[in-house]
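What follows is a short report on a single structure.
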Amino acid sequence: MMRIGTGFDVHAFGEGDHVVLGGVRIAHRRGVVAHSDGDVVIHALCDAIFGALALGDIGRHFPPTDERWRDADSRQFLRHAAMLMAQHGYRLGNADVTVIGEAPKVTPHAQAMRENLAVDLDCGVGCISVKATTTEKLGFCGRGEGIAAQACVLLERV
């Protein structure tokens, strides 16, 4: 049996000098406004996994009202999602993540992101795709007001 899930996350840019994407700290002229580290890649990926397992969304597992998660490393969220996959008898078949925004550039960091995600999800790097697109300067991402990511996963019964 296979299950498919999708996820989406967005954060506005704010004060700071870096963003975290796929567990990689990337120098940037702005940071993100978020309760945790604001890693849109991992947040979208977690939502996709939780969705495929019919377990709600990331906010249900890690509420932004809970101070335990303030400034948290989102990789712990992804490791939790991986644990739930295993507990429910699934493993990741593949994941496809798209970062949406004008900046920062993702391509120079995509391999490091793939490696982080593969470690946390206990799968091969070949199971993880990370890519980026712009919105051709349209909308909030195009105006440089924020960054977003969408993810799709295929889970396979173990």
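Residues in segment 1-20 that are over 18 Å from Gly142 (Cβ atoms), buried (at least 18 other Cβ atoms within 10 Å of the Cβ) and in contact (Cβ under 8 Å) with a residue 60 or more places away in the chain: Arg3, Gly5, Gly7.
Inspect all residues belonging to segment 83-96 and state whether any of them is more than 24 Å from Leu155 (Cβ to Cβ), surrounded by 15 or more Cβ atoms within 10 Å (Cβ to Cβ) and free of Cβ contacts under 8 Å to residues at least 40 places away in the same chain. Break it down into steps so the answer makes sense when it comes.
Applying the first criterion (more than 24 Å from Leu155 (Cβ to Cβ)) to segment 83-96 yields none.
Taking every residue of segment 83-96 in turn, none turns out to be more than 24 Å from Leu155 (Cβ to Cβ), surrounded by 15 or more Cβ atoms within 10 Å (Cβ to Cβ) and free of Cβ contacts under 8 Å to residues at least 40 places away in the same chain.
Search segment 52-104 for residues being within 19 Å of His11 (Cβ to Cβ) and among the aromatic types (Phe, Trp, Tyr), and hand back the single one that is modelled with the lowest pLDDT. Ranking the qualifying residues of segment 52-104, first place goes to Trp69. Give, as residue ranges, the helices (runs of 4 or more DSSP H) completely inside segment 1-98 that count at least 1 residues that are more than 19 Å from Val119 (Cα to Cα) and of a type outside the set (A, V, I, L, M, F, W, C). Passing ranges, in order: 40-52, 58-61.
Can you give me the number of residues within segment 101-138 that are in a strand (DSSP E or B) and either in contact with a Lys or Arg (Cβ under 8 Å, 6 or more places away or on another chain) or not polar (S, T, N, Q) (or both)?
Step one: filter segment 101-138 for residues in a strand (DSSP E or B), giving 128-133.
With the extra rule that they be either in contact with a Lys or Arg (Cβ under 8 Å, 6 or more places away or on another chain) or not polar (S, T, N, Q) (or both), the set shrinks to 128-132.
Adding up the residues that qualify gives 5.
Suppose we keep only residues that are in contact with a Gly (Cβ under 8 Å, 6 or more places away or on another chain) and among the small types (Gly, Ala, Ser) within segment 34-54. Which one would you say is surrounded by the fewest Cβ atoms within 10 Å (Cβ to Cβ)? Steps first, please.
Of all residues in segment 34-54, those in contact with a Gly (Cβ under 8 Å, 6 or more places away or on another chain) come to 38-39, 41-53.
Now restrict to residues that are among the small types (Gly, Ala, Ser): 38, 44, 48, 51-52.
On the way: Gly38: 25, Ala44: 27, Ala48: 26, Gly51: 20, Ala52: 24.
Among residues in segment 34-54 that are in contact with a Gly (Cβ under 8 Å, 6 or more places away or on another chain) and among the small types (Gly, Ala, Ser), the one surrounded by the fewest Cβ atoms within 10 Å (Cβ to Cβ) is Gly51.
The values are calculated or read from the model by the stated rules, or taken from the named source; none is laboratory data. These figures come from a predicted structure and were not determined experimentally. No Cβ is skipped: glycine too gets one built from the backbone with ideal geometry, and neighbour counts run over all protein chains shown.
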